[in-house]
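Enquirer: Pasting a structure below so you can have a look.
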Amino acid sequence: DAGITQSPRHKVTETGTPVTLRCHQTENHRYMYWYRQDPGHGLRLIHYSYGVKDTDKGEVSDGYSVSRSKTEDFLLTLESATSSQTSVYFCAISRGQGLPNTEAFFGQGTRLTVV
Amino acid sequence: GEDVEQSLFLSVREGDSSVINCTYTDSSSTYLYWYKQEPGAGLQLLTYIFSNMDMKQDQRLTVLLNKKDKHLSLRIADTQTGDSAIYFCAATSQGNTPLVFGKGTRLSVIA
C-alpha cells in the first residue's frame, strides 16, 4: 500500500466550528488531492496541490481551505463546519498527472459528521 | 470540463461476466482508469488504458475503449463474490489535470 495516512479517521463536530483534516504521505509524490465522497455524487475534487505552497481549487472548494507547507503534509480546513459538509473525505497522491504511471493512490478516508 | 457518467447499479450471478460501462465527454482525455472501492476502504487502482489503445486485458479484466463514442467498459470474467464493490471510472486529459471520477457503479454479486 502507498504510504498515505489520514487523521483523524472519524470525527464528529458541531456546526460552526473549524475542523482540520490531515493527510501525510511517505512517498515524496508531488501531487496531493482532497476529495469528498457522497452518495449519488461519487468523488468530487475539493482542492489539490502540485507542490509545496502550490494549490488550486477543485469542483467543490467553497467553505474549504488547504495548506501544504511540507511535501509530505496536506491539510484540509473547514473554516466553519456546516451539516452539508458531512461526508467521507479522501486524500490521494500521485507522481504526476496525465502521464504514464501517474495513477492516484488513496488514503483510507476520514468520516466527518457535522451535527 | 470533463464529465464522466456511469450507471449506478449492476447485479450479476457468481460465475457470470460483469460489464460496467462509462462515458466521458472530453475527447482529449488521454488516460482512463478503473478504480475499485471495497466497503469502508479507499479506492484502489484496478487498471488503466491509454487513448491510443482499443483494448487492454489483465487476467480476468478486459477494458474496451471506443474513442469515437467516448465509451469505456470494464468486463470482469467469472465474477466472484469478492468482486462486490463500487467501481469508478476516471479520466484525465493532457496538460496536467486532476482525475475526474464518475459517480461509481455498485456491483452486487449473487451467489
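Just so you know, all these numbers are worked out from the coordinates, no wet-lab data involved. A quick note: this is a predicted structure, and the numbers were derived from the prediction, not measured. Cβ placement follows ideal geometry from the backbone for every residue including glycine, while neighbour counts extend to all protein chains displayed.
Enquirer: Remind me, what semi-axes does the range A:3-105 give for its equivalent ellipsoid, largest first in whole Å, using sqrt of 5 times each Cα gyration tensor eigenvalue?
Expert: 23, 15, 12
Enquirer: Of the cross-linked pairs A:Lys11/B:Lys103; A:Lys70/B:Lys56; A:Lys70/B:Lys36; A:Lys53/B:Lys67; A:Lys70/B:Lys103; A:Lys70/B:Lys70, which ones have a Cα-Cα span greater than 27 Å in the structure shown?
Expert: Long pairs (Cα-Cα over 27 Å): A:Lys70/B:Lys56; A:Lys70/B:Lys36; A:Lys53/B:Lys67; A:Lys70/B:Lys103; A:Lys70/B:Lys70.
Enquirer: When N counts the residues of the range B:48-111, how does its alpha-carbon radius of gyration compare numerically with 2.2 N^0.38 Å, as a ratio?
Expert: 1.25
Enquirer: Taking Rh as the Kirkwood radius computed over C-alpha pairs, what is the Stokes-Einstein D of chain B at 20 °C in a medium of viscosity 1.002 mPa s, expressed in µm² per second?
Expert: After rounding, the answer is 153 µm²/s.
Enquirer: List every residue whose amide H lies under 5 Å from the amide H of A:Gln108, counting only residues 5 or more places away in sequence or on a different chain, with H placed 1.01 Å from N in the peptide plane.
Expert: For A:Gln108, whose amide H was placed from the backbone, the distant partners under 5 Å are A:Gln6.
Enquirer: Roughly how crowded by other chains is peptide B:37-46, in terms of the mean Cβ count from those chains within 10 Å of each of its Cβ atoms?
Expert: Neighbouring Cβ atoms belonging to other protein chains average 5 per residue here.
Enquirer: Can you work out ³J(HN,Hα) from phi for every residue in the range B:14-24, in order, using Karplus 6.51 cos²θ - 1.76 cosθ + 1.60 and θ = phi - 60°, giving whole Hz and x for Gly and Pro?
Expert: Coupling constants for the range B:14-24: 4, x, 7, 8, 10, 10, 10, 10, 8, 10, 9 Hz.
Enquirer: Shielding of B:97-106 by partners, i.e. mean partner chain Cβ atoms within 10 Å per residue?
Expert: 6
Enquirer: Same structure again: Which three lengths, in whole Å and largest first, does the protein assembly as shown cover when its Cα atoms are put on their principal axes?
Expert: Projected onto its principal axes, the Cα set of the protein assembly as shown covers 49, 39, 29 Å.
Enquirer: Counting other Cβ atoms within 10 Å of each Cβ, which trypsin sites (Lys or Arg not before Pro) in the range B:45-101 have at most 12 and sit in a DSSP loop?
Expert: Taking the range B:45-101 and a limit of 12 other Cβ atoms within 10 Å, the loop trypsin sites (Lys or Arg not before Pro) found are B:Lys68.
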